[in-house]
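The values are calculated or read from the model by the stated rules, or taken from the named source; none is laboratory data. These figures come from a predicted structure and were not determined experimentally. Positions of Cβ are backbone-derived with ideal geometry, glycine not excepted, and every protein chain shown enters the neighbour counts.
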Amino acid sequence: MATRILKKPAASIRVYAEADELALKAARRFARLADQYVVGCGRFTVALSGGSTPKKMYALLADKPFVDTVPWGSIYFFWGDERCVPPDEPESNYRMVYETLLSKVPVTQENIFRIAGEDEHHKRAAKVYSKTIREFFGTDSPRFDLIFLGMGPDGHTASLFPHTEALKVDDKIAVANYVEKLEAFRITLTATSINNARNVTFLVAGEDKAATLKEVLEGPHLPEDYPSQLIQPKDGTLLWMIDEAAAIFLQ
Ligand code: 6PG
């Protein structure tokens, strides 16, 4: 059980003593939802996040008991965002997830939908990814069963960075987003796509996120400054799974 359960409008927040416990509980949530949707619908569609926080969760899922119990062959893997680099680059979110999880569990290769970060025509990469998702779900309003998200110290999530163009896009599934402070493009699901999901779960750990997390969860609604505030699922669950270090300023 979480050490503390806080309630915010339309969101549940579970605070765990340590990042290791957070990772284990997140892995259990993945496994539980995978079972629920595979039993109920015959498949489980998930968009994974990149960065460092989810690595521990992916490593746990690639190990016992999850490696033997999760219905890997019925899971369809997508990404919430991708860096505009080739898939074998250390920065690639695909590479990180492949190395920590997908290369170690019996997934079906055709069920992995990688974003073409290597395509130097970034808008085309975003359009191809949007088309892939649209055709997979058979709608312009795809509903992932689960989307995992992280949050940066600046309040970004996926690659929805403060004061960037992607924050304003509500008629596309995924877009190419130029991030000035990185001097780089990213491909990202739009907030609209994320908010269509059945379950959205943030994993946030570390003291360096604490001040921003307080603003995101308890501060005024300033989504241009704190894009994570854009994530308000229309008809889905929103769960913040955080460690005590990130929660130190929360009431
Ligand atoms: C990425 C992620 C990004 C990440 C946050 C938090 O491409 O980096 O999708 O949104 O989740 O930046 O990253 P950490 O988990 O490394 O703090």
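Side notes on the structure shown:
- Boolean, Gly138 is among the small types (Gly, Ala, Ser) and surrounded by 12 or more Cβ atoms within 10 Å (Cβ to Cβ): no
- Some residue of region 126-136 being among the polar types (S, T, N, Q) and within 15 Å of the ligand (Cβ to nearest atom): no
Here's the yes/no breakdown for (1) within 22 Å of Ile5 (Cβ to Cβ); (2) away from the ligand (no atom under 13 Å from the Cβ):
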{"position": "Ala166", "(1), (2)": "no, no"}
{"position": "Tyr178", "(1), (2)": "no, yes"}
{"position": "Glu215", "(1), (2)": "yes, yes"}
{"position": "Glu218", "(1), (2)": "yes, yes"}
{"position": "Leu250", "(1), (2)": "yes, yes"}
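- Inter-residue pairs, beta-carbon under 8 Å, first on the phi > 0 side of the Ramachandran plot and β-branched (Val, Ile, Thr) and in region 198-211, second more than 12 Å from the ligand (Cβ to nearest atom) and part of a loop (DSSP other than H, G, I, E, B), 6+ apart: none
- When region 64-85 is filtered for residues that are within 16 Å of the ligand (Cβ to nearest atom) and more than 16 Å from the chain's Cα centre (by Cα), the ones remaining, listed by number, are Cys84, Val85.
- Among residues of region 108-122 being part of a loop (DSSP other than H, G, I, E, B) and over 19 Å from the mean Cα position of the chain (by Cα), the one that is nearest to Leu60 (Cα to Cα) is Thr108.
- Residues that are closer than 24 Å to Ile115 by Cβ and in contact (Cβ under 8 Å) with a residue 40 or more places away in the chain, drawn from region 24-40: Ala26, Arg29, Phe30, Leu33, Ala34, Tyr37
- The set of residues in region 140-185 being acidic (Asp, Glu) and out of contact with any Pro (no Cβ under 9 Å at 6 or more places or on another chain) consists of Asp140, Asp145, Glu165, Asp170, Asp171, Glu180, Glu183.
- When region 98-110 is filtered for residues that are crowded, with 18+ Cβ neighbours inside 10 Å and touching a strand residue (DSSP E or B) at 6+ places or on another chain (Cβ under 9 Å), the ones remaining, listed by number, are Tyr98, Leu101, Leu102, Val107.
- Output for region 16-59, where each listed residue is more than 16 Å from the ligand (Cβ to nearest atom), buried (at least 22 other Cβ atoms within 10 Å of the Cβ) and aliphatic (A, V, I, L, M): Ala34
- Once region 143-161 is narrowed to residues that are touching a Leu at 6+ places or on another chain (Cβ under 9 Å) and part of a loop (DSSP other than H, G, I, E, B), the residue that is nearest to Ala211 (Cα to Cα) is Gly155.
- Taking region 1-106 as the region of interest, the strands (runs of 3 or more DSSP E) fully inside it that hold 1 or more residues being touching a Phe, Trp or Tyr at 6+ places or on another chain (Cβ under 6 Å) and farther than 30 Å from Glu120 by Cβ are 11-16, 44-48, 75-79.
- Across region 86-97, the qualifying residues are those that are buried (at least 18 other Cβ atoms within 10 Å of the Cβ) and in contact (Cβ under 8 Å) with a residue 12 or more places away in the chain, and the one among them that is nearest to the ligand (Cβ to nearest atom) is Asn93.
- Selected residue [within 24 Å of Arg124 (Cβ to Cβ) and modelled with pLDDT of 95 or more] from Asp154, Asp171, Asp243: Asp171
- Residue within region 225-240 that is crowded, with 23+ Cβ neighbours inside 10 Å, of a type outside the set (S, T, N, Q), away from the ligand (no atom under 12 Å from the Cβ) and within 20 Å of Met57 (Cβ to Cβ) present: yes
- Scan region 60-77 for residues that are touching a helix residue (DSSP H, G or I) at 6+ places or on another chain (Cβ under 7 Å) and either surrounded by 16 or more Cβ atoms within 10 Å (Cβ to Cβ) or on the phi > 0 side of the Ramachandran plot (or both) and the total you get is 10.
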